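Written below as structure tokens is the structure these notes are about.
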Amino acid sequence: MKKVLNTFLLIILSKYSICQTCQITSNPTLNYLYNTKNEIPKISNTEKLSLFPIQIGKKQAKFKLIKNENGLFALVDGSGQVYKATLLDKGKISFTRIDSTYYFGNTFMSINFSYKNIIYSFGGYGFWNLNGQLSHFTPGAEWTIDKINKTYNTLNTFYSYQLSELKLYYIEIPRMDEATFDRKEENYIISFDLDKKVNKVLGKLNPKINTNWEYFVIDIPSLHGTISYSEPDIYLYNFSANKVYKLINSKIKDELIGKAGAELQTTFEDEGKLYYSFNNDPSLRTVTISINDFKEEPYPIYYSENNENYRLITILIICLLTFTILTIVYKKRKRKFTLETKGKYEPDRIAFNSNEFNTIESTLINKLIEKSNLESHLTVDEINSLLGIKKKTIEIQKRVRTEAIIRINHKFNVNFNLETTFIERKRSIEDRRYFNYIIIKENAKIFLKHSK
């Protein structure tokens with residue numbers, strides 16, 4: 001009886017044990033990060049990194065890497081789980097879980113970094129909400145939320161971690177209206193003081209800055225900035241100096257862009273060299289890069305809130321916009337009153353804050369099904385037109401398009417009690433830089449059957 005009880009307790013305890021160890025085949029990048037004694041608090045372009053088989057729901061988890069004086073760590077995106085590399089031997093590397101986190105779900109695409117050998121999580125997305133919270137991790141325990149002066153929603157799509165300045169620079173991500181897909185077009189640049197834990201608004205993002213970074217974003221501490229590939233050029237952004245630089249060294253540009261179908265993965269700077277690999281090639285490559293490889297552009301990253309000329313221009317623009325809006329509202333109200341008196345006015349009813357598909361969503365779904373039945377697809381431009389965002393900026397188009405598809409996929413799974421990807425995104429065969437969108441026949445049948 002005692003033996004049976006011990007076996008039962010062992011099974012129960014193992015179920016809740018946090019001392020899980022995963023052993024995988026190492027690669028040149030992991031070997032370097034494990035062996036180096038240098039601190040690399042920010043490692044970029046790990047969004048598609050799958051280290052070992054862990055599932056979030058029914059999907060393979062994605063990982064983020066951090067190296068500080070305490071070792072090499074792998075964070076499971078969105079889950080709060082933290083693993084530490086504990087052994088590298090004979091081409092195998094072992095990661096052991098060191099947290100006791102039971103929470104996950106609202107920190108997908110968060111900004112993760114190390115400061116004073118403490119791992120932090122900043123912002124993120126989950127449960128259809130963005131957040132701007134800061135939390136830190138204590139080994140063997142859960143994550144603890146830190147108090148900051150004010151929160152600004154953000155994701156890890158673009159930011160600059162400058163340890164020498166004790167600053168984290170990032171872009172505020174404004175919320176979107178779920179009924180109309182409208183979003184503020186202004187983006188603010190925020191600086192976060194790592195010591196004081198204080199956010200400060202630096203100014204409005206310059207409209208010239210293309211924030212649609214589909215390819216890569218890399219922090220380069222030695223250049224006090226971050227580089228990104230905004231086709232067809234690579235730019236360096238120095239937030240503390242509020243300057244933009246364009247890469248003019250074609251050799252470095254060709255190295256980083258790589259061949260068709262290749263995407264940069266696990267990039268970082270160490271001892272003045274930029275290290276990187278590609279998703280289809282595990283080789284660890286290096287390139288030396290300096291400010292001499294760039295040319296300064298004649299415009300800033302953001303317009304400072306303290307600039308008096310900018311304030312005057314802003315006031316004039318606000319006055320002009322206010323007058324224009326009031327004129328438009330007056331004309332619309334006058335027209336509405338006229339239509340109501342004639343009995344012809346009927347407001348467009350759009351589902352709000354529910355799992356019903358609204359008019360825009362239904363139109364998009366039916367068009368996708370129609371195209372898919374013809375073994376065709378919808379392009380990005382066609383989806384933008386259906387969503388009414390064709391004339392918006394590239395950044396707004398990308399965010400609205402992504403959030404609309406996420407929302408439609410969620411509603412489909414909730415309504416039909418499924419766990420699948422309703423609207424699928426496929427890379428274009430003609431040009432691997434672009435995506436097309438489809439709905440497979442099985443999911444189309446389910447939707448059409450219940451929508452009649």
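Laboratory data are not the source of any read-out in this text; all were calculated from the coordinates shown. Remember, it's a predicted structure, so these values are computed and weren't measured experimentally. So basically every Cβ, Gly included, is an ideal-geometry build from the backbone, and we count neighbours across all protein chains shown.
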- Once you've got the Cα coordinates, tell me which of K37/K147; K116/K147; K411/K441; K204/K259; K253/K273; K84/K196 are over 25 Å apart. K37/K147; K204/K259; K84/K196
- Residues in segment 139-158 that a label on W128 would reach, taking backbone N under 11 Å of a point 7 Å out along Cα→Cβ: none
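Provide, as a two-decimal number, the C-alpha radius of gyration of segment 359-451 over 2.2 N^0.38 Å, N being how many residues it has.
Details: Rg = 13.0 Å, N = 93, 2.2 N^0.38 = 12.3 Å.
The reported ratio for this selection is 1.05.
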- Relative contact order (percent, whole number), segment 67-211, Cα cutoff 8 Å, 6+ residue spacing: 14 percent
- Item | L87/K273 FRET efficiency (R0 30 Å; Cβ-Cβ; nearest 0.05) | 0.65
